[in-house]
Amino acid sequence: MANPSRQLRKRMQSTNDLKAALIDLLLEGNDADSITVSEIAGRADYNRSTFYFHYKDKNELLEELFRDAIGGFRSAVESTFRHVRSINLDEVAPTTRLSFEHVERNKKLFKALHSIRRSDSLYERLEQMYFELFRGRYHFYRKDPTLAIDDEMTMSYQIHAMIGTVKYWIQSDFKYSADYMCEQITRVHAHRPTDIVAQSQG
């Protein structure tokens with residue numbers, strides 16, 4: 001009788017190989033819509049039947065890559081709030097650190113998904129996930145609760161600041177470490193600019 005744990009390891013290895021193959025093809029500049037199952041299977045050194053044993057088509061594999069990417073951000077929030085009731089945004093928040101570490105561990109994945117230009121891109125999916133996660137579950141506390149600041153707008157501002165910073169980091173080809181990114185985004189939040197000054201035109 002076959003060893004179930006061995007079968008599971010082989011299955012995981014196969015799916016990881018197929019994911020890596022699609023990531024490499026995307027990083028080589030291939031359009032996501034033009035990549036074929038044969039190309040993915042061949043790059044992973046498998047045949048088409050192995051691919052179809054795991055996935056019904058290329059889009060199912062691509063969706064799994066998106067789930068892997070987005071899931072790390074969701075987990076960063078949910079795992080943090082399983083242990084604490086609130087986090088101080090003037091310090092490096094555990095949610096921020098876990099999120100940037102997730103991206104740093106999966107640089108190739110995020111660069112590949114960044115290259116896909118669709119209406120349901122990585123960033124649109126991140127935005128949707130954050131709004132669905134935060135609405136009705138988390139509240140942004142202010143020291144002065146009498147200030148007339150819209151909660152929905154605050155949430156949108158925070159979410160898009162995070163997404164924009166992640167996008168900048170990927171576009172910069174990860175020129176900074178996750179630790180540096182965490183420190184900088186925290187400092188930007190704690191010491192927000194008070195003015196925009198025009199540069200003198202010499």
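Bear in mind these aren't lab numbers, they're just calculated from the coordinates by the rules spelled out. Everything numeric here is computed off the predicted structure, so don't read it as measured data. When we count neighbours, we look across all protein chains shown, and the Cβ atoms used for this are built from the backbone with ideal geometry, even at glycine.
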Review point. If you take the charge dipole of the chain about its Cα centre, with +1 on Lys and Arg Cβ and -1 on Asp and Glu Cβ, which of H54, S156, F66 is farthest toward its positive end?
Key: H54
Exercise for review: Would you mind ranking I196, I185 so that the residue whose beta carbon has the fewest other beta carbons within 10 Å leads the list?
Suggested key: I196, I185
Practice item. For each of H160, H191, count neighbouring Cβ atoms within 10 Å of the residue's Cβ, then give the residues from fewest to most. Key: H191, H160
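Suppose a student asked you for the relative contact order of region 9-56, using Cα pairs under 8 Å spaced at least 6 residues apart; what percent would you report?
Details: 23 pairs, mean separation 17.5, N = 48.
Taking the mean separation of contacting Cα pairs over the length of region 9-56, I get 37 percent.
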**Study point:** Extension gain from Q199 to Y168, taking 0.36 nm per residue of separation minus the Cα-Cα distance
**Key:** 8.9 nm
Review point. Taking only Cα atoms, what is the 0 to 90° angle, nearest 10, from helix 58-81's long axis to the longest principal axis of the chain?
Key: 40
Review point. Taking only C-alpha pairs under 8 Å that are 6+ residues apart, what is the relative contact order of the chain in percent?
Key: 22
Exercise for review: State to the nearest 20 debye the size of the charge dipole of the chain about its Cα centre, where the only charges are +1 on K and R beta carbons and -1 on D and E beta carbons.
Suggested key: 680
Point to revise | Within region 95-121: backbone nitrogen closer than 19 Å to the E78 label point (7 Å, Cα to C-beta) | key: 95-103
**Study point:** Lysine pairs within the chain, Cα separation less than 16 Å, 8 or more sequence positions apart or different chains
**Key:** 13
Practice item. Taking only Cα atoms and a 10 Å spring cutoff, compute GNM fluctuations for the chain and point out the largest among A93, A21, A148. Key: A148
Check your understanding: Relative to the Cα centre, what is the charge dipole magnitude of region 100-202, using +1 at the beta carbon of each Lys and Arg, -1 at the beta carbon of each Asp and Glu, and rounding to the nearest 20 debye?
Key -> 360
Check your understanding: Applying the Karplus parametrisation 6.51 cos²θ - 1.76 cosθ + 1.60 with θ = phi - 60° to the phi angles of region 145-157, what ³J(HN,Hα) value in whole Hz is obtained for each residue in order, glycine and proline being reported as x?
Key -> x, 7, 5, 7, 10, 5, 5, 5, 5, 4, 4, 4, 4
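Once fully extended, how much extra length lies between K10 and M153, figured as 0.36 nm per residue of separation less the alpha-carbon to alpha-carbon distance?
This chain segment gains 46.8 nm when fully extended.
Return an integer: the convex hull volume of the alpha-carbon atoms of region 9-56, in Å³ per residue.
Values: hull volume 2.9 nm³, N = 48.
Looking at region 9-56, the number lands at 61 Å³ per residue.
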Revision key, fill the gap. Using alpha-carbon positions, the gyration tensor of region 67-110 gives root eigenvalues a ≥ b ≥ c; with a/c under 1.5 called rounded, otherwise prolate if a/b exceeds b/c, else oblate, the class is oblate
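For a footprinting-style exposure proxy, rank K175, K19, K111 by other Cβ within 10 Å, fewest first.
K175, K111, K19
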Exercise for review: For region 1-141, state what percent of all Cα-Cα pairs lands in each successive 5 Å bin, counting from 0 Å until the bin that includes the largest distance.
Suggested key: 2, 9, 16, 18, 16, 13, 11, 8, 5, 2, 0, 0
Check your understanding: Label points 7 Å out from Cα along the Cβ direction at E64 and A190: separation in nm?
Key -> 4.2
